[in-house]
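Student: Take a look at the following structure, please.
The values are calculated or read from the model by the stated rules, or taken from the named source; none is laboratory data. All values derive from a computational prediction rather than experimental measurement. For neighbour counting, all protein chains shown are included, and Cβ atoms are generated from backbone atoms with ideal geometry for every residue, glycine included. The protein model used for the area step is the full one, side chains on, heavy atoms only, and it has no ligands, DNA or RNA in it. Shrake-Rupley method; radii C 1.70, N 1.55, O 1.52, S 1.80 Å.
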Amino acid sequence: MLWANAMSGGNQSRSSPTNHLLTALPSREYNRLAPDLERVSLDAKRVLYQPNEPIKQVYFPDSVVIPIVSRMKDGRTVEAGIVGNEGVVGIHALLGASSPYQYIALIRGNAHRVKAEVLQAEFKRGGALQDLLLRYTQARLVQFVQISACNYLHPIIKRICRWLLMVHDRGMSDEISLTQKDISRVLCVRRTGITEAVGILQEKKLIYYHYGRIAILDRGA
């Protein structure tokens, strides 16, 4: 784990975040940012960013889980990372850049969002926010490299185990709403391979899968 359908206007409000980066801020810095933080509910499959589009909002996930997806010219996609309540998405905006990746909510949940220019201004002040975001960026780079190595060297079943554990780290329950199609799309693995691997994991009683819901039964194994 790293370092410590559309949005509806009726779901937007102010509330205390559970995002680790926001809760790690000193009170003075958080209180300065708080009036601009907006709580939003994100449905599964909600696209937050498309590659090379300007980033206008930055999201700090609370309970939503967001894969980072790299899209090839031929339309194929592959996972590049995953973000939950340990992190932030849209951090490219701090450099005035667009994201080269696609970000799609995997599991429905909540996040706090802030306008990119507001976060840029706070980042430029220095202080704890700048330090936290720089350290998080370094951790994200390590995650990218580790996932690349896993995708290249490990068999499908190990890739699925690693991915399910990362989703479980960031989720709020031992039960995850995921179809085999969801896993296939993110990991860029054929459905037949996913079906076989899920069957083996279920036979070993490590997970339970039924109609788009996966329960983690034995995390250690």
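Student: Looking at (1) of a type in the set (Asp, Glu); (2) part of a helix (DSSP H, G or I); (3) farther than 18 Å from LEU33 by Cα, can you tell me which one GLU117 breaks?
Tutor: Tallying (1) of a type in the set (Asp, Glu); (2) part of a helix (DSSP H, G or I); (3) farther than 18 Å from LEU33 by Cα, GLU117 fails exactly one: (3).
Student: In the list GLU79, GLU53, which residue meets the criterion of being buried (at least 17 other Cβ atoms within 10 Å of the Cβ), at pLDDT below 95 and of a type outside the set (A, V, I, L, M)?
Tutor: Numbers: GLU53 fails: buried (at least 17 other Cβ atoms within 10 Å of the Cβ).
Checking each option against the conditions leaves just GLU79.
Here's the yes/no breakdown for (1) part of a helix (DSSP H, G or I); (2) touching a Cys at 6+ places or on another chain (Cβ under 7 Å); (3) not acidic (Asp, Glu):
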position	(1), (2), (3)
ARG162	yes, yes, yes
LEU165	yes, no, yes
VAL186	yes, no, yes
VAL189	no, no, yes
THR192	yes, no, yes
THR195	yes, no, yes
VAL198	yes, no, yes
LEU201	yes, no, yes
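Student: Please work out which one of (1) open to solvent by 50 Å² or more (accessible area, probe 1.4 Å); (2) of a type in the set (A, V, I, L, M); (3) more than 22 Å from HIS20 (Cβ to Cβ) is the condition VAL186 fails and give its number.
Tutor: Failing condition for VAL186: (1).
Every residue, every condition in (1) part of a loop (DSSP other than H, G, I, E, B); (2) out of contact with any Gly (no Cβ under 8 Å at 6 or more places or on another chain), yes or no:
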| residue | (1), (2) |
| --- | --- |
| THR18 | yes, yes |
| LEU22 | no, yes |
| ARG28 | no, yes |
| ARG32 | no, yes |
| LEU48 | no, no |
| PRO51 | yes, yes |
| VAL58 | no, no |
| VAL69 | no, yes |
| GLY81 | no, yes |
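Student: Could you pull out the residue among GLY199, GLY171 that is small (Gly, Ala, Ser) and farther than 22 Å from GLY84 by Cβ? Lay out the reasoning, then the answer.
Tutor: Details: GLY171 fails: farther than 22 Å from GLY84 by Cβ.
Testing whether each residue is small (Gly, Ala, Ser) and farther than 22 Å from GLY84 by Cβ leaves just GLY199.
Student: Test ASN110 against the criterion of being open to solvent by less than 30 Å² (accessible area, probe 1.4 Å), modelled with pLDDT of 90 or more and outside any helix (DSSP H, G or I), and give yes or no. Lay out the reasoning, then the answer.
Tutor: Details: open to solvent by less than 30 Å² (accessible area, probe 1.4 Å): no; modelled with pLDDT of 90 or more: yes; outside any helix (DSSP H, G or I): yes.
No: the conditions fail for ASN110.
Student: For the condition modelled with pLDDT of 90 or more, part of a helix (DSSP H, G or I) and of a type in the set (Asp, Glu), what is the one hit in ASP182, ASP131? Spell out how you get there, then give the answer.
Tutor: Numbers: ASP182 fails: modelled with pLDDT of 90 or more.
On inspection, the qualifying residue turns out to be ASP131.
Student: Same structure, new question: Scan segment 169-178 and tell me whether some residue there is over 21 Å from THR18 (Cα atoms), part of a helix (DSSP H, G or I) and under 17 Å from the mean Cα position of the chain (by Cα).
Tutor: No, segment 169-178 contains no residue that is over 21 Å from THR18 (Cα atoms), part of a helix (DSSP H, G or I) and under 17 Å from the mean Cα position of the chain (by Cα).
Student: From (1) open to solvent by 40 Å² or more (accessible area, probe 1.4 Å); (2) of a type in the set (S, T, N, Q); (3) within 29 Å of TYR152 (Cα to Cα); (4) at pLDDT 90 or above, pick out the condition that doesn't hold for ASN85.
Tutor: (1)
Student: Then there is this: Consider PRO35 against the criteria (1) modelled with pLDDT of 95 or more; (2) surrounded by 12 or more Cβ atoms within 10 Å (Cβ to Cβ): it satisfies all of them except one. Which criterion is unmet?
Tutor: (2)
Student: Of the numbered conditions (1) buried (at least 20 other Cβ atoms within 10 Å of the Cβ); (2) touching a strand residue (DSSP E or B) at 6+ places or on another chain (Cβ under 7 Å), PHE144 satisfies every one except a single condition; which is it?
Tutor: Condition not satisfied by PHE144: (1).
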